[in-house]
Structure formats: C-alpha cells, structure tokens
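Q: Quick one: the structure is below, questions incoming.
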Amino acid sequence: MTESDLLKACQRHDVRAQTALYNLYKSRLMGLCRRYARNKPEAEDMFHEGFIRIFQQLHTLEQSDKLLPWMKRVMVNTAINVYHKNVKLQAEAELEDAWQHASTNLSDTLSRLSTEELLNVIEQLPDGYRIVFNLYVIDGYNHVEIARLLNIAEGTSKSQLARAKSLLKTKLKTLGIINYEES
C-alpha cells in the first residue's frame, strides 16, 4: 500500500489503515514528543493526544507527500499546547547575561551524544528552556516563530535558548562529556 493509498484509507476511517499509519510513524513521532516532555509518561500523553488530533484532522490533508511533515507539525503543536496547560511562562531575563553563558559549539557536542543521552539531558531542563531549545535547535524554528507559538517576546525566546545552552553545558561538564573554560 502506498502512502497515498494509506492516507485515503485513513481519511475513509478505515481502522486497519489507521493502525498501519500509527505503526509506521509511532517511533519517529514518539521521539519528537520525548524531546519536548519532562519525562517519558508526559511524552506518551503528548503522543497519544497528538495522534488523536492527527486522526481528527486527517481529512484536511490533500497531498500524501506532506503527511509526515504535517504529522510532525501536529505533534509539535500538541507539545506546545501541553506546555501551555501545565506551566506558567517564566519571566523575561536580560538577554546580554544569557548570551554570555551560551556556547557556540554546543550543537556540535550534542550531535556526538547518543539519542538516549541527549534525551536524558534535555528532559532535565526547565520547561520553558526545554521547549525553546527543541523548537530552535532541533526543529529549526526561528525566534520570531517561537515567540508567536509560545506567546512570548522574541527576546524571551533568545534568552531562554541561551540559558538552556548554559544549563546543558554545565550538565554535560558534570557528566564528563565536555570540558570547557568559563570566559
């Protein structure tokens, strides 16, 4: 069955096709949820809520080649909605102080970690930092988009990203994964 056939069958509410779609993408979409969640149970809740939304809104999708990017977008939006439900936004911090602690080569270090190591370190970030970090570094959103999605100022997005990077550096140093000198 092609992805186009699978999409059409799911849009007709074919239970077998819905099960096939779920099984085909569950690992990838659960991984996305794990990056945004504080822990595995929260990720599972995001995942299930996201799939409910996917099946409710699947009729709006017309092109099967857009299926995975669309499903990822639904999951990201679900994660952000969970964030809004469970956490109050943190106060805006001074941007200059935050950027002093940011590492320019943190992304290189993170790319050398295993997925599980990276998830464990990211899960330990405060909620606001974790959400902004995921949106910016991993999912490629810019600060204007993040600010709009989270209803925060663009400067808050930048500040939270910088503080997330700083906390990650500290955690990675504690774990012995990186060594760095404070400037």
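Q: Suppose the filter is more than 24 Å from residue 121 (Cα to Cα), surrounded by 14 or more Cβ atoms within 10 Å (Cβ to Cβ) and without any contact (Cβ under 8 Å) to a residue 24 or more places away in the chain; does residue 17 pass it?
A: Yes, satisfied.
Q: Any residue in segment 25-54 that's assigned to a helix (DSSP H, G or I): show its pairings with residues that are open to solvent by 30 Å² or more (accessible area, probe 1.4 Å) and of a type in the set (Ser, Thr, Tyr) at Cβ separation under 8 Å, as long as the two are six or more apart or on different chains.
A: Going by the 8 Å Cβ cut-off, the qualifying pairs are 31/115; 51/22.
Q: Would you list the helices (runs of 4 or more DSSP H) that sit entirely within segment 60-124 and hold 2 or more residues that are modelled with pLDDT under 60 and buried (at least 17 other Cβ atoms within 10 Å of the Cβ)?
A: Numbers: elements: 67-86, 95-100, 106-111, 115-123.
Hits in segment 60-124: 106-111.
Q: Right, another one. Identify, please: which residue in segment 126-151 is assigned to a loop (DSSP other than H, G, I, E, B) and under 16 Å from residue 79 (Cα atoms) and is, among those, nearest to the chain's Cα centre (by Cα)? Walk me through how you get there before you give the answer.
A: Initially, segment 126-151 is screened for residues assigned to a loop (DSSP other than H, G, I, E, B), giving 126, 139-142, 151.
Imposing the further condition that a residue be under 16 Å from residue 79 (Cα atoms) reduces the set to 126, 139-141, 151.
Numbers: 126: 14, 139: 7, 140: 10, 141: 10, 151: 16 Å.
Per the stated criteria, the residue is 139.
Q: Looking at 8, 40, can you tell me which residue is over 25 Å from residue 134 (Cβ atoms) and either modelled with pLDDT of 90 or more or surrounded by 13 or more Cβ atoms within 10 Å (Cβ to Cβ) (or both)?
A: Numbers: 40 fails: over 25 Å from residue 134 (Cβ atoms).
Answer to the selection: 8.
Q: Same structure again: Out of curiosity, is residue 146 β-branched (Val, Ile, Thr), open to solvent by 10 Å² or more (accessible area, probe 1.4 Å), at pLDDT 90 or above and closer than 22 Å to residue 33 by Cα?
A: no
Q: For segment 43-57, which positions are under 19 Å from residue 139 (Cα atoms) and loosely packed, with under 14 Cβ neighbours inside 10 Å?
A: Scanning segment 43-57 gives no hits.
The values are calculated or read from the model by the stated rules, or taken from the named source; none is laboratory data. Keep in mind the model is a prediction, meaning the values are calculated, not measured. FYI the Cβ positions are ideal-geometry reconstructions off the backbone, even for glycines, and counts take in every protein chain you see. Note: accessible area is taken over every heavy atom of the protein model, side chains too, but ligands, DNA and RNA are not part of it. Shrake-Rupley method; radii C 1.70, N 1.55, O 1.52, S 1.80 Å.
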